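Visitor: Okay, here's the structure, questions in a sec.
The values are calculated or read from the model by the stated rules, or taken from the named source; none is laboratory data. This is a predicted model, so every value here is computed, not measured. Note that we place each Cβ from the backbone using ideal geometry, even for glycine, and neighbour counts take in every protein chain shown. SASA here: full protein model, heavy atoms, side chains in, ligands and nucleic acids out. Shrake-Rupley method; radii C 1.70, N 1.55, O 1.52, S 1.80 Å.
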Amino acid sequence: MRMPVHIHPFPRYRCHGNDHSGDVLESLRDDLAGYGWSKGALRFAVDVPLPRPLVEKLIDARMREVGLR
């Protein structure tokens with residue numbers, strides 16, 4: 001089973017992560033305070049990495065969503 005997660009560079013030193021589902025980001029609403037996001041996209045600065053705990057939560061939530069956890 002494939003779990004698509006795409007990171008796209010955008011102008012002005014931003015990145016855009018798309019997890020192909022609005023449920024993952026919505027479930028982590030409190031953890032995403034301070035980041036730009038919509039139902040299916042997370043926007044963050046290129047020069048400021050996402051905190052490891054947040055990345056782990058994003059991955060875990062997506063894996064649960066597709067039935068791998």
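Visitor: Working only within the stretch 39-48, note down all residues that are at pLDDT below 80 and open to solvent by 40 Å² or more (accessible area, probe 1.4 Å).
Guide: Across the stretch 39-48, the qualifying residues are 39, 46, 47.
Visitor: Ok, one more. Could you please find all residues in the stretch 54-64 being among the charged types (D, E, K, R), closer than 16 Å to residue 37 by Cβ and open to solvent by 40 Å² or more (accessible area, probe 1.4 Å)?
Guide: 57
Visitor: Taking the condition of being open to solvent by 30 Å² or more (accessible area, probe 1.4 Å) and touching a helix residue (DSSP H, G or I) at 6+ places or on another chain (Cβ under 7 Å), how many residues in the stretch 28-38 meet it?
Guide: 2
Visitor: Follow-up. For the stretch 45-63, name all the residues that are out of contact with any Lys or Arg (no Cβ under 7 Å at 6 or more places or on another chain), closer than 19 Å to residue 22 by Cβ and either touching a residue at least 60 places away in the same chain (Cβ under 8 Å) or not in a helix (DSSP H, G or I) (or both).
Guide: Correct list: 50 only.
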